[in-house]
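The values are calculated or read from the model by the stated rules, or taken from the named source; none is laboratory data. Note that the structure is a prediction, hence the values are computed from the model and not measured. Reconstructed Cβ throughout: ideal geometry from the backbone, glycine too, with neighbour counts over all protein chains shown.
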Amino acid sequence: MVSAELSAALARFDERIMEPHQFGENDCCIACADVLQPAWGVDLMVLYGRDYSTAAGYFRLIRKRGCSTLREAVALAAENADAVAVDAPYRDFDLGIVFCGTPNGVMELPGFWLDGAFRARSPFGAVYQMEAEKAWRHG
């Protein structure tokens, strides 16, 4: 059963993917963390904060915690939330690192599993992936 708070977070995620990407407001990390907060009971952004407005600003924040990549930052956030690494089959609201093709190559994004796919917010909109490069489960 999905709580009212989680239903609202999922609805907000669906709205966000239609809105412009904005670091620190509507980016991949914040969109994913805001869905998983009511599901996991912890804010995955607590280690890094939300006070950035550029990619460079985000990377300055994660470097303060010893991370040099988004994947490392997500792994540390998952560890801080007492999540454990998992393989498929995935469960609803597992956290995963998924790939997204871009005009300049491939980027990694944090996403959450729901109804048979990882969902993520990219600078270009919604991303749905059946597999994750790495995944974690809370509880």
Looking at Pro123, Pro103 in this structure, which one is touching a His at 6+ places or on another chain (Cβ under 7 Å), modelled with pLDDT under 95 and farther than 26 Å from Val2 by Cβ? Pro123
Anything in segment 18-45 that is outside any loop (DSSP other than H, G, I, E, B), farther than 14 Å from Leu76 by Cβ and not aliphatic (A, V, I, L, M)? List them, or say none. Gln22, Asn26, Cys28, Cys32, Asp34, Gln37, Pro38, Trp40
Among Trp113, Trp136, the single one that is within 26 Å of Met18 (Cα to Cα), in contact (Cβ under 8 Å) with a residue 12 or more places away in the chain, surrounded by 17 or more Cβ atoms within 10 Å (Cβ to Cβ) and not small (Gly, Ala, Ser) is Trp113
Answer yes or no: is there a residue in segment 13-30 that is among the basic types (Lys, Arg) and surrounded by fewer than 18 Cβ atoms within 10 Å (Cβ to Cβ). no
Here are the criteria: (1) touching a strand residue (DSSP E or B) at 6+ places or on another chain (Cβ under 9 Å); (2) in contact (Cβ under 8 Å) with a residue 12 or more places away in the chain; (3) farther than 17 Å from Glu131 by Cβ; (4) not small (Gly, Ala, Ser). Tell me which single one Pro20 does not satisfy. (2)
Of the conditions (1) free of Cβ contacts under 8 Å to residues at least 60 places away in the same chain; (2) touching a strand residue (DSSP E or B) at 6+ places or on another chain (Cβ under 9 Å), Leu95 clears all except one; give me its number. (1)
Cβ-Cβ below 7 Å, separation at least six or inter-chain, first residue in segment 43-70 and over 16 Å from Phe23 (Cα atoms), second surrounded by fewer than 17 Cβ atoms within 10 Å (Cβ to Cβ) and polar (S, T, N, Q): which pairs? Leu47/Asn80
Which of the strands (runs of 3 or more DSSP E) found entirely inside segment 46-139 contain at least 2 residues meeting this: touching a Gly at 6+ places or on another chain (Cβ under 8 Å)? 95-102, 105-114, 117-122, 125-129, 134-138
Among the residues of segment 46-66, write down those that are surrounded by fewer than 17 Cβ atoms within 10 Å (Cβ to Cβ) and among the aliphatic types (A, V, I, L, M). Val46, Ala55, Ala56
If you check Ser53, Ser7, which single one turns out to be modelled with pLDDT under 95 and among the hydroxyl-bearing types (Ser, Thr, Tyr)? Ser7
